[in-house]
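The values are calculated or read from the model by the stated rules, or taken from the named source; none is laboratory data. This is a predicted model, so every value here is computed, not measured. Neighbour counts are summed over all protein chains in view; Cβ atoms, including those assigned to glycine, are modelled from backbone coordinates with ideal geometry. The area values use the complete protein model at the heavy-atom level, side chains included, leaving out ligands, DNA and RNA. Shrake-Rupley method; radii C 1.70, N 1.55, O 1.52, S 1.80 Å.
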Amino acid sequence: MCGIIAAATDRSVGKLLIKGLFKMEYRGYDSAGIAMHSENNVVHLRTLGKVKNLEEKMIADKPKGKVGIAHTRWATHGEPSEINAHPHQSNDRVFIVHNGIIENYLSLKEELTDEGYAFNSKTDSELIAHLLDNFLKAEDSLLSAMQKLKNKLDGAYAVAALDQREPESFVVARNRSPLVIGLGKKENFAASDPLALGNLTSKFLILEDGDVAKISPDLVEIYDAKDKLANREKLTIDINAEASSKGNFKHYMEKEIYEQPQAVLNTLDGRIGGEDVLENIFGEGSSEMFAKVKRIQIIACGTSLHAGRVAANWFSAISGLPTQLDYASEYRYKNPYVDQDTLLVTISQSGETADTLAALRYADDKGYLASLSICNVPTSSLARESDFLLLTNAGPEIGVASTKAFTTQLTALMLLTLSLAKAAGKNPLLRARMINALRLLPEKISEALKLKNDIMDFAPEIANKDNALFLGRGIFYPIAKEGALKLKEISYIHAEAYPAGELKHGPLALIDQEMPVVAIAPEYELAEKLVSNLEEVKARGGALYVFGNAKEKLDLSTGRYISMPECDFLLTPILYSIPLQILSYEVALLRGTDIDQPRNLAKSVTVE
Ligand code: AGP
């Protein structure tokens, strides 16, 4: 789960590679490094910590070069350190950067040790450099060495490599880890994410699994899994520089929270008309396929699974379909039983989450009616490998903590709910009601964003605590889970979520004055029951923070009540996510954590 970038150009390459690394820091930020062909050798620099440290070293050392590779790391094998940072090298000849995990690295390491190779790092990646060096004893080019290498490696990899004896070019390989080629004028590039190349080109080729490519300033040669010369589809992706910058905000997360009215509008754009959802918005033939769906299986991770949990309620209430949900990391290991006419739904912001992708690939021959993905990244593996797709169109989400990706996933999942109901001819009046409510949603979100000052008022009370509980019932329980995940992710406060009715079955023992309890309590059928649950908290001295729209129903002599804007009940999960995001952000700000790049995490989890 790292970012790699490589470039072959006839201008100075160092700055360009560093710029690209900055844009990919969301993928990992514990160490960074660069290798560039220079006069008669390869310059090799590595630093512990963020890309900024590497940039400083570059400014001090002023290395020169026109062809180079670079890396920003999220440690899997071996702690974050300079020695474990990429690029790794072999015999001062071969230099490589790698994103992914080599599953058979122990046996390969043994083979290479027998051949006389010494390992400096604790990584699984270093052996790639030694293997290439070893192949180059018999092969006449880095390209053919890389073609040999791919038959040796098990696991996921995107690799870029330099051979000191081939100063005009670099070679890349891809298997189950993202890698795109960017095409420029007299310069060409490769990177884990097109975002890293956004200021350099808008023309991209997306590599496929098993591809190896040789890239020089004038030429891109791609060979497929069978080593045959291959053409790959050329895509134009305009990466708006503003969309990937912080603008006037302190953090990407803050910017992304406040972008939500527009992001939701983008998700809806071109997908609803009159009083219904439009046909085939999930792809040609999707409406016809929806008519056959009898059940739904959702697979996702983290925040994306929370979106799925909300949708399961909608599928049941509006589309009349039962839903099974699984953590992507668990799904493959439970021998899933697949009922006929089940639609497989994967949800992912990045579309590169290894667990979700592995689950999709595993499910391929299990007899699902079709696979459908809700995703934010059009070039991602998930988007390309699913039968049907709805892009959330939220724009790049760079803060590690998911915000606009979540609310746009929910919006997309409501569109899926309505499409399924429409295909089955169910609930036309309710569908029309939801379409109108969706149209009002961006405005409602803007209103909820205005609660910032109210939230800032009590954020210090939570910022100085070590724990927090989040409560919600029914459709709000997943929102409580998402609120707790957000708080722990960026403020490092331990937070748990419970369906409020479960409190008395154990967690109540935790309640005292040191335990803030955040409750999501709009007026609905379970509201009265929830009030009793909150009374139980009050009676034990717990500090209550209640988000709701019926203050008069709660005698809140202690604690805080935050009055939420009104909106259609079925969309309230989307609306109530907003103040919880603001709360986490403001608490983290007070605690002085690294909000966009919280410790131990990375945005795109491309390892299983
Ligand atoms: C959310 O704040 C998290 N960073 C994380 O749970 C994330 O949602 C999860 O890793 C799944 O990512 P995806 O949506 O890109 O698949």
Across (1) over 16 Å from E233 (Cα atoms); (2) open to solvent by 10 Å² or more (accessible area, probe 1.4 Å), D209 clears everything bar (1)
Meets criteria (away from the ligand (no atom under 16 Å from the Cβ), under 23 Å from the mean Cα position of the chain (by Cα), buried (at least 23 other Cβ atoms within 10 Å of the Cβ) and in contact (Cβ under 8 Å) with a residue 12 or more places away in the chain) for F282: yes
Taking the residues in region 339-354 that are within 16 Å of the ligand (Cβ to nearest atom) and free of Cβ contacts under 8 Å to residues at least 60 places away in the same chain as candidates, determine which candidate is surrounded by the fewest Cβ atoms within 10 Å (Cβ to Cβ). L344
By my count, helices (runs of 4 or more DSSP H) wholly in region 305-411 with at least 1 residues that are within 20 Å of the chain's Cα centre (by Cα) and closer than 24 Å to Q262 by Cα are 381-385
Starting from region 304-317, keep only residues that are under 27 Å from V605 (Cα atoms) and aliphatic (A, V, I, L, M), then list their pairs with residues that are in a helix (DSSP H, G or I) and at pLDDT below 95 whose Cβ atoms are within a distance under 7 Å, requiring at least 6 positions of separation or different chains. V310/I475
Based on this model, can you work out whether L389 counts as open to solvent by 10 Å² or more (accessible area, probe 1.4 Å), under 29 Å from M253 (Cα atoms), among the aliphatic types (A, V, I, L, M) and away from the ligand (no atom under 13 Å from the Cβ)? yes
Please tell me if E275 is of a type in the set (D, E) and either open to solvent by 10 Å² or more (accessible area, probe 1.4 Å) or not assigned by TED's automatic domain parsing to the domain that holds L413 (or both). yes
Show me the strands (runs of 3 or more DSSP E) found entirely inside region 1-88 where at least 1 residues are charged (D, E, K, R). 42-48, 67-73
More than 29 Å from A312 (Cα to Cα) and either modelled with pLDDT of 90 or more or surrounded by fewer than 17 Cβ atoms within 10 Å (Cβ to Cβ) (or both) - does that describe any residue in region 523-534? no
Against the definition (open to solvent by less than 30 Å² (accessible area, probe 1.4 Å), within 11 Å of the ligand (Cβ to nearest atom) and of a type in the set (A, V, I, L, M, F, W, C)), how does L357 come out, yes or no? yes
Matching option when the condition is under 14 Å from S402 (Cα atoms) and part of a loop (DSSP other than H, G, I, E, B), among Q597, Q581: Q597
If we scan region 554-577, do we find a residue that is within 15 Å of the ligand (Cβ to nearest atom) and within 23 Å of the chain's Cα centre (by Cα)? yes
